[in-house]
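The values are calculated or read from the model by the stated rules, or taken from the named source; none is laboratory data. None of the values given here were measured: they were computed from a predicted structure. Every residue, glycine as well, gets a Cβ built from its backbone with ideal geometry; the counts of neighbours run over all protein chains shown.
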């Protein structure tokens, strides 16, 4: 059985290492396990919290708004990694736009 304290310690350690794809992926895995084993439903941040006020008919945002933000971001990270390999120019453009957000 995974001990909560050990998992929290691992999360804390990975949060303090330089951000690389490997470290972010490891941290995402640890958070996923933590949320699955120890989070109460009220503890999980739902995408609906940030979705309020968004005016769109987007299938993605409409679906994502009903899900856990951590799980959505993990899925989006996988997608963005694929975009980086398949279309580096598009990836660079998206990352530029992301870096310019508040």
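At-a-glance table
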{"read-out": "Complete set of residues in the range 8-32 that are touching a residue at least 24 places away in the same chain (Cβ under 8 Å) and more than 11 Å from residue 70 (Cα to Cα)", "value": "8, 21, 24, 25"}
{"read-out": "Failed item in (1) modelled with pLDDT of 80 or more; (2) out of contact with any helix residue (DSSP H, G or I) (no Cβ under 9 Å at 6 or more places or on another chain); (3) loosely packed, with under 10 Cβ neighbours inside 10 Å, with residue 60 passing the rest", "value": "(3)"}
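Yes or no, residue by residue, for (1) touching a helix residue (DSSP H, G or I) at 6+ places or on another chain (Cβ under 6 Å); (2) modelled with pLDDT of 85 or more; (3) within 20 Å of residue 80 (Cβ to Cβ):
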site	(1), (2), (3)
2	no, no, no
16	no, yes, no
24	no, no, yes
30	yes, yes, yes
46	no, no, no
